[in-house]
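Report on one structure; see the data block that follows.
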Amino acid sequence: DISREQVEPLVRSALILVVVYCLLLFIIGNSVVRRLRADEAAAIKLARTDRLSGLANRDGLHVLLDQALQQTRSGGGDVVLLYLDLDGFKEVNDAYGHGCGDDLIRSVSAGFRCLIPPGATLARVGGDEFAIAFVMKNCDHAAMALAQTILSFFDASFQIGERLVTVGTSIGIASSQIGTINGEEVV
């Protein structure tokens, strides 16, 4: 005959083991979920980033532009978008090769990073196309001033390896007053 007094410590030990096992499963599961969420966030960021320049890509621009438009709808201000296309980039690629063109894209990207206002979005949306978006009240003057600064930036040649490369840019400007125009239409 097994008495209750003999079984009770065994049952208690088994329950303690089950609780410890469940706690370990919870801790490990929580860790795995956190790691998966971090991996997912990194994958999303990578999917929205241009590999060559390190800037946002077309998808990243649309996400950031939509966030800026939402910000202006709730807090006021306007969203302005400068859309730039490099003039003469194809000729650089044809004359000196894609490696030189890639270096030029990286140089232009670095220059744009220095020129844009704080908090602005900078994206490479195509081969030689870039976009700059920012939020500001009465943004027309700031947009024109930035466009002029960018045009002046292209007055100088770029040192790419041992070559001096000269390109220009064409700039289009659009704005969404108080976020009334959606991002796709602004682009």
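The values are calculated or read from the model by the stated rules, or taken from the named source; none is laboratory data. This is a predicted model, so every value here is computed, not measured. So basically every Cβ, Gly included, is an ideal-geometry build from the backbone, and we count neighbours across all protein chains shown. Remember, those area values only see protein heavy atoms, side chains included, never the ligands or the DNA or RNA. Shrake-Rupley method; radii C 1.70, N 1.55, O 1.52, S 1.80 Å.
Below, the figures for the structure above:
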| item | result |
| --- | --- |
| Meets criteria (more than 22 Å from the chain's Cα centre (by Cα), within 30 Å of Glu184 (Cβ to Cβ), hydrophobic (A, V, I, L, M, F, W, C) and open to solvent by less than 60 Å² (accessible area, probe 1.4 Å)) for Phe112 | no |
| Scan of segment 84-104 for residues that are part of a helix (DSSP H, G or I) and either touching a Gly at 6+ places or on another chain (Cβ under 8 Å) or of a type in the set (D, E, K, R) (or both), ordered by number | Phe89, Lys90, Glu91, Val92, Asn93, Asp94, Cys100, Asp102, Asp103 |
| Single unsatisfied condition, Ala14 versus (1) open to solvent by less than 60 Å² (accessible area, probe 1.4 Å); (2) assigned to a loop (DSSP other than H, G, I, E, B); (3) more than 30 Å from Ala110 (Cα to Cα) | (2) |
| Some residue of segment 129-146 being surrounded by fewer than 18 Cβ atoms within 10 Å (Cβ to Cβ) and closer than 19 Å to Arg51 by Cα | yes |
| Subset of segment 68-93 [more than 20 Å from Ala142 (Cα to Cα) and without any contact (Cβ under 8 Å) to a residue 24 or more places away in the chain] | Ser74, Glu91, Asn93 |
| Condition broken by Ser74, with the remaining ones in (1) open to solvent by 40 Å² or more (accessible area, probe 1.4 Å); (2) under 16 Å from the mean Cα position of the chain (by Cα) satisfied | (2) |
